[in-house]
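Everything on this sheet refers to the single structure shown next.
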Amino acid sequence: MRLDYLTIFPEFFDVLGISLLGKAVDNGIVDIHAHDLRTWTHDRHRTVDDTPCGGGAGMVMKPDPWGEAFDDLLGADPDPSVHVVIPTPSGTPFRQDDAAQLSHADRIVFCCGRYEGIDHRVIDYASEHWSVHELSLGDYVLNGGEVAALAMTEAIVRLVPGVLGNPESLSEESYSQDQEGLLEYPVYTRPASWRGWDVPEVLMSGHHGHIAQWRREQSRELTRRRRPDLLTDE
Ligand SMILES: NC(=O)c1ccno1
């Protein structure tokens, strides 16, 4: 999997060289390239923004640098196997299913907007050539797309075979299919008692059937309380 990041702050993506993602890069599972969008400017000030047509506050990212970056990185031939991800508060919610779908991609290009956003014609142009995903991390606004791109990258790449040491750990996570899309149950480790709080007895029983039942019940109760929207049968 090749990941490209178009941004005016490429240093944001230096962190992708550490921890599990760094190992995935070292192992050749993932190939990461961060690009300074100003590379594709031609004026003395390396300008990437301009005032919004129709007025309003703030600035809008000019289309030209993006178009020239696409030309250099992707060429002009349409290829729906290339996924262009635009993190934006106006996007559709980024969910585990999106991470799972994108974890099968060979090529993902993250377009990290700043200011009031990217000239919409960039998205229109990209949509004619590649598979475009305008995605939001949640109902809040960040200063740019970089932090959201990092979060989405981690959610996606950790699902790529060979990245996580123990793929079994994926099966019991929140939102996973094995968890019926529910929130993950509470987890415990040693010591059995800590500052007056004990590990639930069932988890110390060694009775796998009872433990599995308790965990299912905990997941449903937690989901009912915090995310009733995830309960499909209620
Ligand atoms: N909510 C988001 O994903 C976002 C991306 C950029 N600003 O906000």
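Every number in this text was worked out from the coordinates using simple rules, so none of it is lab data. Worth saying up front: this structure is predicted, and the values here are computed from it rather than measured. In this analysis, Cβ positions are derived from the backbone assuming ideal geometry, glycine residues included, and neighbour counts consider all displayed protein chains.
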message: Roughly how far apart, in whole Å, are the Cα centres of segment 1-45 and segment 187-227?
response: 41
query: Based on the Kirkwood radius over alpha-carbon pairs, what value in µm²/s does the Stokes-Einstein equation return for the translational diffusion coefficient of the chain at 37 °C and 0.692 mPa s?
result: 162
- line: Surrounding charge for residue 84, neighbours by C-beta under 10 angstrom, Lys/Arg +1, Asp/Glu -1, total -1
Phi-based couplings in Hz for segment 181-195 (Karplus 6.51, -1.76, 1.60; Gly and Pro marked x): x, 8, 6, 6, 5, x, 10, 9, 9, 6, x, 5, 10, 9, 6
Highest-fluctuation residue, 38, 195, 114 considered, GNM on the chain with Cα pairs under 10 Å: 195
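Where the only charges are on Cβ atoms (+1 Lys, Arg; -1 Asp, Glu), what is the dipole of the chain about its Cα centre, to the nearest 20 debye?
Dipole of the chain, to the nearest 20 debye: 820 debye.
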query: Along the charge dipole of segment 9-151, which of 86, 135, 16 sits closest to the positive end, that is, farthest toward it, with unit charges on the beta carbon of Lys, Arg, Asp and Glu (+1, +1, -1, -1)?
result: 16
field: Extension gain, residue 134 back to residue 44 (0.36 nm per residue minus Cα-Cα distance, nm)
entry: 29.2 nm
message: At 7 Å along Cα-to-Cβ for each site, give me the label-to-label distance between residue 227 and residue 100 in nm.
response: 1.2
- prompt: Extension gain residue 120-residue 188, at 0.36 nm per residue separation less the Cα-Cα distance, in nm?
  reply: 19.7 nm
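Fewest Cβ neighbours within 10 Å first, please rank 214, 66 accordingly. Don't skip to the answer; put the middle values down first.
Numbers: 214 18, 66 23.
Listed from fewest to most nearby Cβ atoms, that is 214, 66.
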field: Value of Rg/Rh across segment 166-228 [Cα atoms, Kirkwood radius]
entry: 1.00
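Charges at C-beta only: +1 for Lys and Arg, -1 for Asp and Glu. How large is the resulting dipole of segment 43-159 about its Cα centre, in Debye rounded to 20?
Working: 8 positive and 20 negative charges, 68 e Å.
Around 320 debye, computed over segment 43-159.
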Net lengthening on full extension, residue 79/residue 20 (0.36 nm per residue, minus Cα-Cα): 18.3 nm
task: Using amide H atoms built 1.01 Å from N in the peptide plane, name the residues 5+ places from residue 136, or on other chains, whose amide H lies under 5 Å from its own.
output: 88, 91, 92, 94
